[in-house]
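The structure appears below as C-alpha cells.
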Amino acid sequence: MSDLAVPRLEKLTSQPEVEKLLKGLLAQGSVQSYIWAGPEGTGKKTHALAMVRTLFCQEGPDCPGCAVCKQVLSKSHPDLFWVERAEGKNEISVDDILALNRKLSNAPLSAPCKVAIVPEGDRINESAQNVFLKTLEEPPANTIIILIASKTSKFLPTVLSRCRLVRFAALPASTVQSILVQTHGWSPADAQAAAEEANGNLTLALKAGDSSWTDFRKKVCEDMDRALQGKDPEWLKLVSEYDQWEPDFLGDEELTATQRKSQVHQAILQVYLNLWSRRLMGQTPVPAGLSGLPPEQVLRCLQKHQDMIPAYLGTRMIMDHLFLELREGLKTGQIDERSFIELAVQV
C-alpha cells in the first residue's frame, strides 16, 4: 500500500483486533511505548501512519487529506520521527537512538503529541537498546514510541518489559483480496490470484502487478526446484548467479552490495516459502521429483533460514546450508529441524 493510500485509523478494517485495541489504548492515553510485531505485509507500517493521522489531524475521521495529513503521509511532519538506519549501515546505532532521544525531549511543535516510529525496530543493536531503556520506560510527556518488527526475538528482555506488545496476525487471503479491490482498484480475479500467491502478505500481493517481480518469482521457483533435483555443481552455479543478481524490483534505493545481496536472498526464500505454502494447501502440485520432501518440514526449514538473514550471517552460507538440508531431506524423507545455531555449534 502506498503512503498516499493510508487512511485514518478509524477507517482501517484489515486487523480488527489490533484496531479495537489501539483505539482503546489511545482513548485511555495510558501507554506510550509499543512494540508492534507480526509477519511482513500485515499492515504494521500502514497502521502506524494511520494512527498518527488520527492523532495529529483535527478534521475528523472523514478528512480526505488535509495539509497535516499530507505531512504525516510524507513523513515530513515536525512532530513525527520516522527512524531509519543510516545510509550504508546494517543496524540502528547508539548515535541514532541518542539523536532520537534529544528530539523527543523537546515539546511538540504543532501536534498534540510527538510520535517516534522505528519501522525496523529489530535492527536496533544491543548497545542502542540499552541506551533507549530509560526513554522507553519513562517517555517524555505527550510522546508515543512505536518499534515495528517481524518478531520479538531480537529485543532485549528489558526492552520487551517496557513496551506494550501488539501482535499483527497474517492476513486472510480474503482480506488481502478485498484491500486490493477496494483500495487499489484491482479486478476481483487479479486480486484473488495475487492474494493466494502472496500467502497473506499484502506487500507481496501488491508486487503481483509488477512484471519485474513476477518474472523474478517465476525464475526463483523454477531454479530452486530444478537445482534440488540436480547435482551439486548446478546449485553452486545458481547461487553464484544469485550473488551477482540485481533484480529490477530492488529499485534505486541506496544500498551497499551486502545489503542488496541480503535483500535478494531474503526475497528468494520468501518466494519459495510461499510456493511450498501453496503446495501444502493443495493450491499447486508438488513436482514428482520433489514428492519425497515432507511439505511441513520444508516450510519450517525455509522459515528457519529466512529468519537467519537479518542476523547478518553470510547470506551465501545460509543459502548453501538450506540447499544441503533440503537435498538431504529429499534423499532420506526427513529434514533436520534443529536451529541453524544448534547445527553450527555441533559442527
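The values are calculated or read from the model by the stated rules, or taken from the named source; none is laboratory data. Since the model is a prediction, treat every value here as computed from it, not as a measurement. When we count neighbours, we look across all protein chains shown, and the Cβ atoms used for this are built from the backbone with ideal geometry, even at glycine.
Quick one: in segment 314-344, which of the residues that are at pLDDT below 75 and surrounded by fewer than 16 Cβ atoms within 10 Å (Cβ to Cβ) is nearest to Leu269 (Cα to Cα)? Only one residue tops the list, namely Gly314. Comparison of Ala111, Ala116 shows that the only residue that is in a loop (DSSP other than H, G, I, E, B) and under 22 Å from Ala50 (Cβ atoms) is Ala111.
Kindly indicate whether any position in segment 137-156 is free of Cβ contacts under 8 Å to residues at least 60 places away in the same chain, of a type outside the set (Ser, Thr, Tyr) and part of a helix (DSSP H, G or I).
No; the residues of segment 137-156 include none that is free of Cβ contacts under 8 Å to residues at least 60 places away in the same chain, of a type outside the set (Ser, Thr, Tyr) and part of a helix (DSSP H, G or I).
Flag not set for Ser127, criterion: farther than 17 Å from Ser33 by Cβ and part of a loop (DSSP other than H, G, I, E, B).
Determine whether segment 130-145 contains at least one residue that is out of contact with any Gly (no Cβ under 7 Å at 6 or more places or on another chain), of a type in the set (Lys, Arg) and more than 23 Å from Ala27 (Cα to Cα). Checked segment 130-145: at least one residue is out of contact with any Gly (no Cβ under 7 Å at 6 or more places or on another chain), of a type in the set (Lys, Arg) and more than 23 Å from Ala27 (Cα to Cα).
Annotation: of all residues in segment 139-159 being closer than 27 Å to Pro16 by Cβ and exposed (fewer than 15 other Cβ atoms within 10 Å of the Cβ), the one that is nearest to the chain's Cα centre (by Cα) is Lys151. Ala48 passes every criterion in (1) touching a helix residue (DSSP H, G or I) at 6+ places or on another chain (Cβ under 8 Å); (2) surrounded by 20 or more Cβ atoms within 10 Å (Cβ to Cβ) apart from (1).
Residue-by-condition table, conditions (1) touching a residue at least 40 places away in the same chain (Cβ under 8 Å); (2) among the β-branched types (Val, Ile, Thr):
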{"residue": "Pro7", "(1), (2)": "yes, no"}
{"residue": "Ser14", "(1), (2)": "yes, no"}
{"residue": "Ser76", "(1), (2)": "no, no"}
{"residue": "Ile92", "(1), (2)": "no, yes"}
